[in-house]
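The values are calculated or read from the model by the stated rules, or taken from the named source; none is laboratory data. For clarity, every value in this text was computed on a predicted model and none was experimentally measured. Cβ coordinates were reconstructed from backbone atoms using ideal geometry, including for glycine residues, and neighbour counts include every protein chain displayed.
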Amino acid sequence: MKFKCPECSKLFEAEGTRIEYHSPIYGPCAKYVGYCPDCNVESDEYREPNPGKKYQNYEPVSPPGCCCSGGSCDF
Ligand SMILES: [Zn+2]
């Protein structure tokens, strides 16, 4: 899977580490993080924009900041 470093914006491939945590709002959640090979900073999964999808002018269902907003939450 791909990750993007928040420090240097580098895209890198990594196996990813599953991190489980408990959101006070959304309950148990999980996400995958990778570590930048350059700065060793914890990085969130990078999701490429889907080229097959046209621009949709409505907001995602999940509110910003929700751990599940990217669809990577298993719960
Ligand atoms: Zn980096």
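For this structure, a couple of remarks:
- Meets criteria (at pLDDT 95 or above and either in a strand (DSSP E or B) or surrounded by 10 or more Cβ atoms within 10 Å (Cβ to Cβ) (or both)) for Asp74: no
- Residue pairs whose Cβ atoms lie under 6 Å apart, separated by 6 or more positions or on different chains, with the first residue in segment 7-23 and under 12 Å from Asn40 (Cα atoms) and modelled with pLDDT under 95 and the second of a type in the set (Val, Ile, Thr) and in a loop (DSSP other than H, G, I, E, B), do not occur.
- Summed over segment 1-54, the residues that are loosely packed, with under 11 Cβ neighbours inside 10 Å and within 16 Å of the ligand (Cβ to nearest atom) give a count of 2.
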